[in-house]
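Just below is one structure, and these are the notes that go with it.
The values are calculated or read from the model by the stated rules, or taken from the named source; none is laboratory data. Predicted model, so just to flag it, every value in this text is computed and none were measured. Note: ideal-geometry Cβ built from the backbone for every residue, glycine included; neighbour counts use all protein chains shown. In case anyone asks, the SASA skips ligands and DNA or RNA and just uses the protein heavy atoms, side chains included. Shrake-Rupley method; radii C 1.70, N 1.55, O 1.52, S 1.80 Å.
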Amino acid sequence: MEPMAAFRSQFECRNDDVFLASFPKTGTTWLKALCHTILHRHDQEEEEDILTKKNPHQVVPTLRVQHLLLSPRRRLMHTHLPYSYLPEEVTRSPAAAAGCRKLVYLARNPKDTVVSMWHFYNQVHKGSAGPLSVERAVESFCSGVMPWGPFYEHVLGYWEESKKRPDEVLFLKYEELCGEPKEQVRKLASFLGRSFPSTTDGSGGGDDDEVEKVLWRSSFGRLKELEVNKYGAVGEQGLHLSHTIYFRKGTVGDWKNYLTSDMARCIDQVTQNKLLGTGLSL
Ligand code: A3P
């Protein structure tokens with residue numbers, strides 16, 4: 001909490017900052033890789049792609065106070081904080097000021113999020129108190145006892161804001177990125193002010209090639225196989241995490257392999273209650 005509180009009170013925003021936000025295990029790694037690649041796609045040749053040398057979490061930091069970034073370039077940062085906990089500097093609309101600060105949120109299906117979180121938790125705490133059962137993980141998720149707070153309030157905080165300020169807050173879904181990747185990446189690039197040049201002859205060349213390149217560079221298959229992600233590791237809050245932990249399956253609907261129908265029904269019920277009347281479906 002301490003670094004978060006310091007971040008909240010000390011962070012100084014720039015008008016061209018790009019913030020990424022997500023609940024843990026909803027595709028943060030992918031979002032970081034995609035946004036970095038979109039923003040820097042003209043700066044780098046293949047061999048200079050920083051993602052071949054660093055894990056996306058090292059390229060796009062998840063903000064803590066020590067990360068008050070001094071970069072002269074346009075800053076790209078991430079947070080797991082709920083919207084209501086963001087520094088006022090970030091949430092205050094810069095409409096009156098020059099430039100336009102952007103915030104991109106990525107949401108994911110709750111059942112896949114629980115399963116991903118459950119695997120992650122058991123990997124991180126391997127060898128300590130024994131594995132957490134999937135029943136306990138579901139129970140905890142449904143009652144809102146999660147790292148970074150309750151899932152639904154997290155998602156809804158950003159969802160409501162994206163409705164109020166669509167030019168400054170973009171709300172994406174993991175499943176839509178998987179289902180219609182090109183459309184979603186075009187939308188993301190255009191939101192970030194880095195649209196792909198459009199093709200006029202309808203041949204699909206040019207712009208399509210660039211979109212595909214961004215998708216390939218950020219893809220699960222490519223990142224998972226890179227040396228840096230196969231053998232690298234990161235020190236996080238006293239933990240030593242292998243980069244492989246961030247790349248498990250990267251699919252939609254893996255919950256079917258782990259949750260009983262009762263567990264799925266229980267999550268669906270909470271989802272229905274929490275999202276009722278919000279216009280959001282997950
Ligand atoms: P699974 O556990 O379902 O495989 P986060 O990055 O927020 O920690 O989320 C992790 C989830 O995103 C994991 O889901 C992981 O496999 C998946 N993921 C990581 N990189 C990805 C990528 N480039 N494309 C799609 N999914 C990715």
Number of positions in region 116-145 that are small (Gly, Ala, Ser) and either more than 25 Å from residue 266 (Cα to Cα) or loosely packed, with under 13 Cβ neighbours inside 10 Å (or both): 6
Contact list, first residue from region 98-127 and free of Cβ contacts under 8 Å to residues at least 12 places away in the same chain, second anywhere and open to solvent by less than 30 Å² (accessible area, probe 1.4 Å), beta-carbon distance below 8 Å, six or more apart or interchain, is none
Given the criteria touching a Ser or Thr at 6+ places or on another chain (Cβ under 8 Å) and of a type in the set (A, V, I, L, M), does residue 276 qualify? no
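Can you tell me which residues in region 252-282 are of a type in the set (Ser, Thr, Tyr) and either in contact (Cβ under 8 Å) with a residue 24 or more places away in the chain or closer than 15 Å to residue 143 by Cβ (or both)?
Across region 252-282, the qualifying residues are 258, 271, 278.
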Filtered residues of region 220-263 (kept if surrounded by fewer than 17 Cβ atoms within 10 Å (Cβ to Cβ) and of a type in the set (Gly, Ala, Ser)): 221, 232, 233, 235, 238, 242, 253, 261
Go through region 1-48 and give me each residue that's touching a strand residue (DSSP E or B) at 6+ places or on another chain (Cβ under 7 Å), within 16 Å of the ligand (Cβ to nearest atom) and not in a helix (DSSP H, G or I). 19, 20, 21, 22, 26, 27
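State all residues of region 1-40 that are without any contact (Cβ under 8 Å) to a residue 24 or more places away in the chain and within 24 Å of residue 92 (Cα to Cα); if no residue qualifies, say none.
Residues satisfying the conditions are 1, 2, 5.
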Can you name the condition, by its number, that residue 113 falls short on among (1) open to solvent by 50 Å² or more (accessible area, probe 1.4 Å); (2) farther than 15 Å from residue 20 by Cβ; (3) not basic (Lys, Arg)? (1)
Please identify the pairs in which a residue from region 206-233 that is under 21 Å from residue 179 (Cβ atoms) has its Cβ atom under 7 Å from the Cβ atom of a residue that is within 15 Å of the ligand (Cβ to nearest atom) and not in a helix (DSSP H, G or I), counting only partners at least 6 apart or on another chain. 217/49; 220/247; 220/250; 223/247; 224/247
